[in-house]
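**Q** Okay, here's the structure, questions in a sec.
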Amino acid sequence: MATKSQDVETLVKKEYAHGFVTEIDADTVAPGLNEDVIRLISHKKNEPEWLLEWRLKAYRHWLTMEEPKWAHVHYNPIDFQEISYYSAPKSTNDAPKSLDEVDPKLLETYEKLGIPLHEQKMLAGVAVDAVFDSVSVATTFKKKLAEAGVIFCPFSEAVQEHPELVKKYLGSVVPAADNFYAALNSAVFTDGSFCYIPKNTRCPMELSTYFRINASKTGQFERTLIVADEGSHVSYLEGCTAPMRDENQLHAAVVELIALDNATIKYSTVQNWYPGDENGKGGIYNFVTKRGDCRGVNSHISWTQVETGSAITWKYPSCLLKGDNSVGEFYSVAVTNNYQQADTGTKMIHLGKNTRSTIISKGISAGHGQNAYRGLVKISKNAANARNYTQCDSLLMGDRCGAHTFPYIEARNASAQVEHEATTSKIGDDQLFYCMQRGIAEEDAVHMIVNGFCKEVFKELPMEFAVEAQKLLSVTLEGAVG
Amino acid sequence: MLEIKNLHVTIDGKMILKGLDLKVNAGEVHAIMGPNGSGKSTLANVLAGRDGYVVTDGTITYQGKNLVEMAPEVRACEGIFLAFQYPVEIPGVNNIYMLKAAMNAIRAYRGEPPLDAVEFLNLIKEKVKLVNLKEELLNRSVNEGFSGGEKKRNEIFQMAVLEPKLAILDETDSGLDIDALKTVAEGVNSLRHHDRAIIIVTHYQRLLNYIVPDQVHVLSDGKIIKSGHRELALQLEEKGYEWVKQEAAAA
């Protein structure tokens, strides 16, 4: 409960700060997965026939697939029949017309998370699409965005209101059969965010989605689709939390970004799913497929992620650099403490001419944490003058954690320039002692050194997120040294 | 201010200091000299509270308090400053940001309010002149890409800002050319003060040409075997350490 968790929070600061459960009436489908469940989900969402068929096709393909095993992560097999694939807060059955109609307990939850949902947040210039379990609850600032012609709404609403856009772009970057978890998501996804920026439009504010898994034994399978039409620009923020539970919960999202000619998409994530306790019990399995398609010339997609949560993080936000002169960027901080595992990185697929990509990855391992960077830079035959710069730095705290780097480079064009730099350092006893000898307490010194290590990535985050990311980092690593 | 009695210190089980005695009063400058491996840097590190240096016997009393029991950051807040022999690089951490954090940690320990940005910058501007540190280095990452001389100047600059009561300079002269040595020495001299003590750990006496010590001690095999005045340093330069060792052995 809420107040209890706050007491705990003050007692033991390093405990997971977002580990409260909200008690609300939920409409949850019994655990299990079969075609009927998919039909039920589709029916509940009043979906058109084509989408149901798309789901079923994905499901049938998924049945033929095997769970991939190549990642540097270890976990017990997931029983997909144990998971409930749909959980909606009941009160949204007759959808709220305004914030006043949203279950006050939900709003309270958002307050606790510090999500800007009220009008006052207009000042912050943030529009939020909040996904609570499986259904988008409330989207703010729709009107202001609508004036600019920007569509930003829950995915299920986009299916109803803008079916032509959804149909055109859904699965065009991450095909339904792309991989095991993407296929599962395509079959059962319940909601997510949809965003369309019209031609030559600069989105007037940062767009933001907040995800939270609340109900127990539910999976969260959201789907995000962002289309930036020619000459447009958008910055999108994504944050995630989940309550503390003993069992593991699965989060298998798909994010698709499409940038047409001269368009820019900046996608920032601060991921703080519940990581499990200090013995590795519980926590979220975060198996996510994120891919951006630089479809047009001079297009630009930038991924920035700060991954502090989840028991297991397994994801590779990638860029397909199709358009000539397109640019892909990946800035990542991944932290593993206690028994957390992360296998994350990116794929930069250079297809067009003069395409450029930058990869800056910072892995921090503490406790028994295992942190792997896995990245592919592929220069195809026609990608003349492609450039890539990759920098992977790992920071180890203590002597029971691990850092692993798996870079893959495939260059099929002789004019390509690919640079890779990698460093692994231990958080220096020397560095710590130096700071402490100047009067700085150990925890503060660790915080300072780690933030310095991550600086190149944090500077890519929007201001508010950068502050949150720094705080998260210090909470995650509290007690990691000494 | 500082009184060390019969100090025994081990590192990885190996005895390095074997019954060291030293007394330093406020306002004094002491030079600790000795051949390589005599325990000079061990003394500097044990005073600063570095991990891995185990005091197995003896006492260190600093301003009437038992220093051995204090955490390193508490020692710093109590006014002990170590100018490192090898200042470390901390990538991504701004040089003056760290110094400000240090300053305000020490002020908080003393119950003083933190300095605001303007007050701090004024202080920095004043002190940076003392050691002739290039201003561009202030906003770089701590010691990252600094030359050997710049690192040592940065140490003395930090000392000037933090105004310690007891400063320990560990081989501050090593790796400095003569101009840098003079500048650093001038910086240190300007910090000589009647309620501040300075311990200079050095292998060579040349720094003592510019910072004239009140006392010189010869450290050999973990003990101070001879103490004297400035002339002792000159004798050491002329004759080496061997004769002191023999004299001590004979006694």
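The values are calculated or read from the model by the stated rules, or taken from the named source; none is laboratory data. As the structure is a computational prediction, the values presented were derived from the model and not from experiment. Glycine gets a Cβ as well: all are built from the backbone with ideal geometry, and neighbour counts include every protein chain shown. Side chains are part of the model used for accessible areas, which takes the heavy atoms of the whole protein and leaves out ligands, DNA and RNA. Shrake-Rupley method; radii C 1.70, N 1.55, O 1.52, S 1.80 Å.
**Q** Calculate the mean, over all residues of peptide A:423-436, of how many other protein chain Cβ atoms lie within 10 angstrom of the residue's Cβ.
**A** Working: counts 1, 0, 1, 0, 0, 3, 4, 7, 6, 4, 11, 11, 11, 12.
Counting other chains' Cβ atoms within 10 Å and averaging over A:423-436 gives 5.
**Q** Counting partner chain Cβ atoms within 10 Å of every residue's Cβ in B:68-74, what's the average? Don't skip to the end; give the middle numbers.
**A** Numbers: counts 0, 0, 0, 3, 11, 11, 3.
Shielding by partners across B:68-74 averages 4.
**Q** So what's the back-of-envelope 222 nm ellipticity for chain B, counting only DSSP H runs of four-plus at -39500 (n - 2.57) apiece and dividing by all residues, rounded to 500? Let's see the in-between values first.
**A** On the way: 8 runs with 89 residues, N = 251.
Rounded to the nearest 500, it is -11000 deg cm²/dmol.
**Q** Additional query: Out of residues 5 or more away from residue B:224 or on other chains, whose amide H comes under 5 Å of its own, with H placed 1.01 Å from N in the peptide plane?
**A** Hits under the 5 Å cutoff: B:21.
**Q** Still on this structure, I have one more. Can you compute 3J(HN,Hα) from phi for each residue in segment B:146-151, using the Karplus curve 6.51 cos²θ - 1.76 cosθ + 1.60 with θ = phi - 60°, rounded to whole Hz and x for Gly and Pro?
**A** Values, residue by residue: 6, 6, x, x, 5, 4 Hz.
**Q** Let me ask you something else. Take the cross-link list A:44/A:144; A:167/A:266; A:362/B:40; B:18/B:182; A:322/A:426 and give me the ones stretching past 27 Å between alpha-carbons. Each step should come with its number before you reach the end.
**A** Values: A:44/A:144 29 Å; A:167/A:266 23 Å; A:362/B:40 39 Å; B:18/B:182 34 Å; A:322/A:426 39 Å.
Where the Cα-Cα span goes over 27 Å, the pairs concerned are A:44/A:144; A:362/B:40; B:18/B:182; A:322/A:426.
**Q** Right, another one. Given a cut-off of 18 Å, name the pairs among B:165/B:223; A:378/A:455; B:5/B:223 whose C-alpha atoms lie farther apart than that in the structure shown. Don't jump to the answer; show the numbers that get you there.
**A** Details: B:165/B:223 25 Å; A:378/A:455 27 Å; B:5/B:223 11 Å.
Violating the 18 Å Cα-Cα cut-off are B:165/B:223; A:378/A:455.
**Q** Oh, and also: Which whole number gives the average count of other chain Cβ atoms within 10 Å of the Cβ atoms across peptide B:83-92?
**A** Details: counts 1, 4, 0, 2, 2, 8, 4, 11, 9, 12.
Mean partner-chain Cβ count within 10 Å for B:83-92: 5.
**Q** For a Förster distance of 56 Å, can you work out the FRET efficiency between the beta-carbons of residue B:251 and residue A:391, rounded to the nearest 0.05? Before the final figure, lay out the partial values.
**A** Details: r = 61 Å, r/R0 = 1.09.
Between residue B:251 and residue A:391 the formula returns 0.35.
**Q** Can I ask one more? Please report, in whole Å³, the volume per residue of the convex hull around the C-alpha atoms of chain B. Write down the numbers at each step before the final one.
**A** Working: hull volume 31.4 nm³, N = 251.
Normalising the Cα hull of chain B by residue number yields 125 Å³.
**Q** Of the listed peptides A:165-175, A:412-422, A:304-314, B:129-139, what is their order by residue-averaged count of other C-beta atoms within 10 Å, with the highest listed first? Walk me through the intermediate numbers first.
**A** Numbers: A:165-175: 18.4, A:412-422: 13.9, A:304-314: 26.8, B:129-139: 16.0.
Answer by packing, highest mean first, reads A:304-314, A:165-175, B:129-139, A:412-422.
**Q** Still on this model: Determine, for each peptide in B:67-74, A:62-69, A:294-301, the mean count of other beta carbons within 10 angstrom over its residues, then list the peptides with the highest first. Walk me through the numbers before you get to the answer.
**A** On the way: B:67-74: 17.8, A:62-69: 11.4, A:294-301: 25.2.
Ranked from most to least packed, the peptides come out as A:294-301, B:67-74, A:62-69.
**Q** With Kirkwood's inverse mean 1/r over C-alpha pairs for Rh, give me the Rg to Rh ratio of the protein assembly as shown, two decimals please. Kindly include the intermediate steps, with their values, before the conclusion.
**A** Values: Rg = 30.9 Å, Rh = 28.7 Å.
That ratio is 1.08, to two decimals.
**Q** Let me ask something additional. Starting at the first residue of segment A:367-377, write each ³J(HN,Hα) from the Karplus equation 6.51 cos²θ - 1.76 cosθ + 1.60 with θ = phi - 60°, in whole Hz, x for Gly and Pro.
**A** x, 9, x, 10, 10, 10, 9, 9, x, 10, 10
**Q** Where nothing but the Cβ of Lys and Arg (+1) and of Asp and Glu (-1) is charged, how large is the charge dipole of chain B around its Cα centre, in debye to the nearest 20? Let's see the in-between values first.
**A** Details: 29 positive and 34 negative charges, 43 e Å.
In debye, rounded to 20, chain B gives about 200.
**Q** With θ set to phi - 60° and the Karplus curve 6.51 cos²θ - 1.76 cosθ + 1.60, what are the ³J(HN,Hα) couplings of segment A:289-303 in order, to the nearest whole Hz, using x for Gly and Pro?
**A** Once θ is set to phi - 60°, the couplings for segment A:289-303 become 10, 10, 8, x, 10, 7, 7, x, 5, 6, 7, 8, 10, 10, 9 Hz.
**Q** Then there's this: Mind listing the long-range amide H neighbours of residue A:411? Cut-off is under 5 Å, sequence gap 5 or more, other chains count too, H placed in the peptide plane at 1.01 Å from N.
**A** Residues meeting the criterion, in which the H sits 1.01 Å from N, are A:379.
**Q** Under 5 Å between amide hydrogens, which residues at least 5 positions from residue A:390 or on another chain qualify, with H placed 1.01 Å from N in the peptide plane?
**A** It is A:359, A:419, A:420, A:421, by chain and number.
**Q** Still on this structure, I have one more. Using a 7 Å offset from Cα along Cα-Cβ at residue A:381, what residues in segment A:405-433 end up with backbone N under 20 Å from the label point?
**A** A:409-417
**Q** Keeping all protein chains in place and using 1.4 angstrom, which order do A:178, A:36, B:170 fall into by accessible surface area, from largest down?
**A** Solvent-accessible surface, decreasing: A:36, A:178, B:170.
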